[in-house]
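To start, the structure itself, in structure tokens.
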Amino acid sequence: MHRAPPEQAGGMTIVDWIARTTMLVLAALATLALIGSLASVSNSPIGDAFPGQVATQDAPGPDAPPAPPTVRQETESSDAASARSATATVERILAQRDAEVARWLKALTYAVIALAAFAAAGVLALVRIGGHLARLADR
């Protein structure tokens, strides 16, 4: 009794199993990376979802009462206080900007991982298609 080789009998070789398992892992990796990218971008309200924006304090509305006039005394203590206030404001804005950049870099990293996984799955699929076409050409 003569048995046909596995590729002719419809059976799967070890290479087929490895290729299918690799495709499954790559598809899962790409899917999870896309979900991670979307989740890291959508962690904030939609108004904050644009790169380059930093939250600023809102100006008073047109019906807000005018601020009372203040008399500023030119002393060293007021200059030092205003310098500390300006430094604190700049540090707060820089911290917000750094957090925003980190959030976008995280999203871009996940997106690049997803693209790499999709590309690898595509290359693997093309190699498998080429192998099947080569077998058909040999018949």
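The values are calculated or read from the model by the stated rules, or taken from the named source; none is laboratory data. These numbers come from a predicted model, not from an experiment. When we count neighbours, we look across all protein chains shown, and the Cβ atoms used for this are built from the backbone with ideal geometry, even at glycine. Surface areas here come from the heavy atoms of the whole protein model, side chains and all, with no ligands, DNA or RNA. Shrake-Rupley method; radii C 1.70, N 1.55, O 1.52, S 1.80 Å.
From the list Leu115, Leu108, pick out the single residue that is of a type outside the set (Phe, Trp, Tyr), out of contact with any Ser or Thr (no Cβ under 8 Å at 6 or more places or on another chain) and open to solvent by 60 Å² or more (accessible area, probe 1.4 Å).
Leu115
Residue-wise test of (1) among the acidic types (Asp, Glu); (2) over 25 Å from Met23 (Cβ atoms).
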{"site": "Asp98", "(1), (2)": "yes, yes"}
{"site": "Arg103", "(1), (2)": "no, yes"}
{"site": "Tyr110", "(1), (2)": "no, no"}
{"site": "Ala120", "(1), (2)": "no, no"}
{"site": "Arg139", "(1), (2)": "no, yes"}
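Could you list, ordered by first residue, the pairs with Cβ atoms under 8 Å in which the first is in the stretch 83-108 and under 24 Å from Gly36 (Cβ atoms) and the second is surrounded by 11 or more Cβ atoms within 10 Å (Cβ to Cβ) and among the charged types (D, E, K, R), at least 6 apart or interchain?
Between residues of the stretch 83-108 that are under 24 Å from Gly36 (Cβ atoms) and residues that are surrounded by 11 or more Cβ atoms within 10 Å (Cβ to Cβ) and among the charged types (D, E, K, R), the close pairs are Glu100/Asp48.
Of all residues in the stretch 130-139, which are open to solvent by 90 Å² or more (accessible area, probe 1.4 Å) and in a helix (DSSP H, G or I)?
Leu133, Arg135, Leu136, Asp138
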